[in-house]
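These notes are about the structure you will find just below.
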Amino acid sequence: MTNDRLRAVFEGLGLEDVASVLSSGNIVFRSSATDADVLEHRIEEALALELGLSSRALLRTQSELRALVDSDPFPGLTHAPETYLTATFVKHPDPAGLVPGLLDPGTRVVRYDAAARAVLAITDNTEPSRARGFMAWLEKSYGNDITTRSWLTVQRLVRTLESGPG
């Protein structure tokens, strides 16, 4: 699937200033819609109907992402294989309130950001099995309605949203 086809689905829904960020399904857009749940459902239906994808849409506003980036959850750290900085966005809020700490020998959960509905973690990615263990834990804890992005991607999404169309 090309980014052009993916953008066309969003444009077909009447969303404005649609742009793809990277090639991993990150789409930014503007909308006057105020009910995120309804818009997520519309997007999911359109992706299934037009592209045959059974993907979940997890929407975050520009202000939610900006606040997350501004909170500086990884102070002094640089995204690298041994400090792989991630934000896992979950569809539904975490009612239990995630307890930060060492999840396994390779992953440390920094915190759960309630406003952005995101689990922030640092994974030592020098051993792939460590990342797989963390991903399995996320799916067990939050189900399949999640998406994990590197911290660099989250920062790029914010920059793209703030730079406007084109």
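Filtered by the rule that a residue be without any contact (Cβ under 8 Å) to a residue 12 or more places away in the chain and surrounded by fewer than 17 Cβ atoms within 10 Å (Cβ to Cβ), the range 15-40 gives Ser32, Ala33, Thr34, Asp35, Asp37, Val38.
Which is under 16 Å from Asn26 (Cβ atoms), part of a loop (DSSP other than H, G, I, E, B) and out of contact with any strand residue (DSSP E or B) (no Cβ under 7 Å at 6 or more places or on another chain), of Leu152, Leu59, Leu65? Exactly one of Leu152, Leu59, Leu65 is under 16 Å from Asn26 (Cβ atoms), part of a loop (DSSP other than H, G, I, E, B) and out of contact with any strand residue (DSSP E or B) (no Cβ under 7 Å at 6 or more places or on another chain), namely Leu59. Of the numbered criteria (1) closer than 19 Å to Arg159 by Cα; (2) part of a helix (DSSP H, G or I); (3) at pLDDT below 90, the one Ser24 fails is (2).
Considering the conditions (1) surrounded by 12 or more Cβ atoms within 10 Å (Cβ to Cβ); (2) assigned by TED's automatic domain parsing to the domain that holds Gly14, Leu138 is excluded by exactly one of them, (2).
Filtering the range 50-79 to residues that are touching a residue at least 40 places away in the same chain (Cβ under 8 Å), charged (D, E, K, R) and out of contact with any Lys or Arg (no Cβ under 9 Å at 6 or more places or on another chain) leaves only Arg66. Taken over the range 42-73, the residue count meeting the criterion of being touching a Leu at 6+ places or on another chain (Cβ under 7 Å), surrounded by 14 or more Cβ atoms within 10 Å (Cβ to Cβ) and of a type in the set (S, T, N, Q) is 1.
The values are calculated or read from the model by the stated rules, or taken from the named source; none is laboratory data. These numbers were taken from a predicted model, which means no experiment stands behind them. Positions of Cβ are backbone-derived with ideal geometry, glycine not excepted, and every protein chain shown enters the neighbour counts.
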